[in-house]
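The values are calculated or read from the model by the stated rules, or taken from the named source; none is laboratory data. Only a predicted model underlies this, so the values are computations on that prediction, with no experimental measurement involved. Cβ atoms come from the backbone with ideal geometry, glycine included; neighbour counts cover every protein chain shown. Quick note on the areas: whole protein, heavy atoms, side chains included, nothing else; ligands and nucleic acids left out. Shrake-Rupley method; radii C 1.70, N 1.55, O 1.52, S 1.80 Å.
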Amino acid sequence: MTARILPFPIANSARAPAVRPTRRLTDREMASIMGPNLADARPRPGLNARRSASLTRILVGFVVLLAVLFLATVLWAHVQNVVETMLQQASDMRGM
């Protein structure tokens, strides 16, 4: 049984391509393909972990903390008000 070549490119893609003899690469071609040597690579600069905490950073952090606490307090007061209103409406509906 001989293999048939179908006219569709997808059907032919499963076939292994014919291996042709190739020439040996020169050192220059091999170096361009392989890229730079890993031993010659320099590491990326990392974050400086020894940065001192300046007064500005401390003040900004404090203001952010106050803002979060303020928003949490306002949200808590709103939720309490909604719950109180719903309970009042429920008790009024029971009395009808």
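So here's what we get for this one:
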quantity	calculated
From phi via Karplus (6.51, -1.76, 1.60), per-residue ³J(HN,Hα) for region 67-77 in Hz, x at Gly/Pro	5, 5, 5, 5, 5, 5, 5, 5, 5, 4, 5
Which of THR73, THR85, THR22 is most accessible, then next, and so on - probe 1.4 Å	THR22, THR73, THR85
Inter-probe distance in nm under a simple model that places probes 7 Å from Cα toward Cβ, at GLU29 and ASP92	9.0
